[in-house]
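See structure below.
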Amino acid sequence: MAVLEILKYPDPRLKDVAAEVSGFNASLWALVRDLEETMRAGPGGVGIAAPQVGHLQRIVIVDVSSKPKIKQHGRLVLINPEILEWEGMGKGREGCMSVPDYTGNVIRAKTIKLRAQDEQGEKHVYDMEGFEARAVQHEIDHLDGLLFLDRLVSRRNDLFARKAYK
Ligand SMILES: [Zn+2]
């Protein structure tokens with residue numbers, strides 16, 4: 001197991017599109033373990049995507065269970081995730097381990113229906129809402145080379161410098 005180095009904006013590798021995962025094997029599981037350890041080592045880490053550590057594969061981990069009062073599924077390993085349905089729009093503040101010096105307001109769907117494979121390749125469908133749905137949309141953006149900075153409502157009014165990542 002290892003804590004991997006997080007690529008930081010404006011690293012050009014964060015703009016690349018990640019490839020589908022086809023091998024559900026020991027090398028995938030090792031990468032998932034390292035990704036999870038890296039996410040948990042980071043401050044405020046509720047999600048991570050493989051491209052953030054330089055692996056261009058469609059792998060996301062999300063765990064918003066540190067916020068117990070919201071509807072959520074706990075720890076999720078999402079391989080080849082795909083949003084099937086979106087509903088509602090809401091603006092919310094986001095941060096990112098790859099953009100440590102800023103937070104920003106981004107509009108996301110309030111509820112989503114998500115299909116993803118687990119570490120064994122098994123397909124699951126999840127109905128998600130609120131903060132969990134936002135976290136998943138944020139992480140899937142990383143698979144497509146997008147950062148929250150690309151989705152700011154307004155650069156002037158919706159980008160905030162932060163002194164320390166909390
Ligand atoms: Zn991020």
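Looking only at region 14-27, decide whether some residue is in a strand (DSSP E or B), touching an Asp or Glu at 6+ places or on another chain (Cβ under 9 Å), surrounded by 13 or more Cβ atoms within 10 Å (Cβ to Cβ) and among the small types (Gly, Ala, Ser). Explain how you work it out, then say what you get.
Our first condition is that a residue be in a strand (DSSP E or B); within region 14-27, this holds for 19.
Filter again for touching an Asp or Glu at 6+ places or on another chain (Cβ under 9 Å), leaving none.
Taking every residue of region 14-27 in turn, none turns out to be in a strand (DSSP E or B), touching an Asp or Glu at 6+ places or on another chain (Cβ under 9 Å), surrounded by 13 or more Cβ atoms within 10 Å (Cβ to Cβ) and among the small types (Gly, Ala, Ser).
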- [ ] Enumerate the pairs (first residue in region 72-92 and open to solvent by less than 20 Å² (accessible area, probe 1.4 Å); second residue anywhere and outside any strand (DSSP E or B) and small (Gly, Ala, Ser)) with beta-carbon separation below 6 Å, excluding pairs fewer than 6 apart on the same chain, so at least 6 apart or on different chains.
- [x] Gly74/Ser65
TODO: For Arg155, indicate whether it is within 18 Å of Lys71 (Cβ to Cβ) and among the basic types (Lys, Arg).
DONE: no
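State the number of residues belonging to region 98-147 that are among the hydrophobic types (A, V, I, L, M, F, W, C) and either in a strand (DSSP E or B) or in contact with a Ser or Thr (Cβ under 9 Å, 6 or more places away or on another chain) (or both).
Filtering region 98-147 for residues among the hydrophobic types (A, V, I, L, M, F, W, C) gives 99, 106-107, 109, 112, 114, 116, 125, 128, 131, 133, 135-136, 140, 143, 146-147.
Cutting the leftovers down to either in a strand (DSSP E or B) or in contact with a Ser or Thr (Cβ under 9 Å, 6 or more places away or on another chain) (or both) gives us 106-107, 109, 112, 114, 116, 125, 128, 133, 147.
Of the residues in that region, 10 qualify.
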TODO: Scan region 63-97 residue by residue and report those that are over 22 Å from Ala18 (Cα atoms), assigned to a loop (DSSP other than H, G, I, E, B) and either within 16 Å of the ligand (Cβ to nearest atom) or more than 17 Å from the chain's Cα centre (by Cα) (or both).
DONE: Val64, Pro68, Lys69, Ile70, Lys71
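If we scan region 98-106, do we find a residue that is open to solvent by 80 Å² or more (accessible area, probe 1.4 Å) and within 16 Å of the ligand (Cβ to nearest atom)? Break it down stepwise before answering.
From region 98-106, those open to solvent by 80 Å² or more (accessible area, probe 1.4 Å) are 101-102; that's our starting set.
Restricting the remaining residues to those that are within 16 Å of the ligand (Cβ to nearest atom) gives 101-102.
Yes; the residues of region 98-106 include at least one that is open to solvent by 80 Å² or more (accessible area, probe 1.4 Å) and within 16 Å of the ligand (Cβ to nearest atom).
Given the residues Ala50, Ala116, Ala109, which is the only one that is surrounded by 13 or more Cβ atoms within 10 Å (Cβ to Cβ) and within 16 Å of the ligand (Cβ to nearest atom)? Give the steps one after another, and end with the answer.
Working: Ala116 fails: within 16 Å of the ligand (Cβ to nearest atom); Ala109 fails: within 16 Å of the ligand (Cβ to nearest atom).
Going through Ala50, Ala116, Ala109 in turn, just one is surrounded by 13 or more Cβ atoms within 10 Å (Cβ to Cβ) and within 16 Å of the ligand (Cβ to nearest atom): Ala50.
The values are calculated or read from the model by the stated rules, or taken from the named source; none is laboratory data. What you see is a predicted model, and the numbers here were worked out from it, not measured in a lab. Cβ coordinates were reconstructed from backbone atoms using ideal geometry, including for glycine residues, and neighbour counts include every protein chain displayed. Accessible surface is based on the protein model in full, side chains and every heavy atom, while ligands, DNA and RNA are left aside. Shrake-Rupley method; radii C 1.70, N 1.55, O 1.52, S 1.80 Å.
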